[in-house]
1. Looking only at helices (runs of 4 or more DSSP H) that fall completely inside region 127-202, which ones have 3 or more residues that are in contact (Cβ under 8 Å) with a residue 12 or more places away in the chain and under 18 Å from the mean Cα position of the chain (by Cα)?
2. Return yes when residue 39 is surrounded by 13 or more Cβ atoms within 10 Å (Cβ to Cβ), out of contact with any strand residue (DSSP E or B) (no Cβ under 9 Å at 6 or more places or on another chain), modelled with pLDDT of 85 or more and hydroxyl-bearing (Ser, Thr, Tyr) and no when it is not.
3. Just one of the numbered conditions (1) at pLDDT 90 or above; (2) more than 30 Å from residue 122 (Cα to Cα) is not true of residue 15; which one?
4. May I ask you to list the residues in region 117-127 that are in contact with a Phe, Trp or Tyr (Cβ under 7 Å, 6 or more places away or on another chain) and surrounded by 18 or more Cβ atoms within 10 Å (Cβ to Cβ)?
5. Kindly check whether there is at least one residue in region 177-188 that is assigned by the TED database to the domain that holds residue 134, open to solvent by 20 Å² or more (accessible area, probe 1.4 Å) and among the polar types (S, T, N, Q).
6. Being open to solvent by 60 Å² or more (accessible area, probe 1.4 Å), in a helix (DSSP H, G or I) and touching a Ser or Thr at 6+ places or on another chain (Cβ under 7 Å), is that true of even one residue in region 14-31?
Amino acid sequence: METYHVKSAPITPYVMLFVFCFTASISASCLTFFIPTMTLLATILTTTLIGISAVIVIRYICDSKYLFTLTFMHCQYHSRYGGWSTPWRNISQLGKAEISHQGWQQPLPWIGIKLNDYDDFIKNISPRLAARIIIEQRILLVMAIKHSDVDNHTIEDVLFDDEPYQSKNGNIFKGLRAMLAHRMEYNREYLGFDFFISEDTLDRPINDFIGLLRRYKAAAIRQ
């Protein structure tokens, strides 16, 4: 299959209008309070300029960027914190994250990924992104533990487990990478997946994106 780049959703006109109105109104209030002698025309022109500048800045920050690169060999994630990459053959399972409680399944707005082997993924992930994943995805594990019928661990022990981690291949990880590896194991125990992709980062409905990932994975297996 051809290489496919998934871009972040572009900023909408409604968001730009909100940014402009909010910034302009705050600027007008500040100018009126701190510079009461400024004329009405000068105030309008200044607040308009500030509002337009704010929209330009927001558009630059939120401009569509590549979030995922899908090739016939691997899936790669990009962010300002760094990225991660894993070959399709190392992904054993893809699906929508769910929490089980008393026989009920509660779907979550996250895509779960389960790996065959942790080593390359943890070795190559940037420390900043590892920290980001640990922080942002902890809520999923907290909810899963609270709804679990088996109380094997306390939440504090799970969230702050930074003991050195030895992989199945004998590699030893320390620091943030060890913490991420432990977190992935706890995620697998309680949620069935190792790490997750938030629906907020997708350019299409979550089920459609799962289907896209599965098609690339299936094509890679056929190679």
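The values are calculated or read from the model by the stated rules, or taken from the named source; none is laboratory data. If you're wondering where the values come from, they're calculated on a predicted model, not measured in any experiment. Ideal geometry is used to build each Cβ from the backbone, glycine not excepted, and the neighbour counts take in all protein chains shown. What goes into the accessible areas is simple: the full protein's heavy atoms, side chains included, and nothing from ligands, DNA or RNA. Shrake-Rupley method; radii C 1.70, N 1.55, O 1.52, S 1.80 Å.
1. 127-136, 138-147, 175-191
2. For residue 39, the condition - surrounded by 13 or more Cβ atoms within 10 Å (Cβ to Cβ), out of contact with any strand residue (DSSP E or B) (no Cβ under 9 Å at 6 or more places or on another chain), modelled with pLDDT of 85 or more and hydroxyl-bearing (Ser, Thr, Tyr) - is not met.
3. It fails just one condition, (1).
4. Listed by number, the residues that qualify are 121, 122, 125.
5. No: zero hits.
6. Looking for residues that are open to solvent by 60 Å² or more (accessible area, probe 1.4 Å), in a helix (DSSP H, G or I) and touching a Ser or Thr at 6+ places or on another chain (Cβ under 7 Å), one finds none in region 14-31, hence no.
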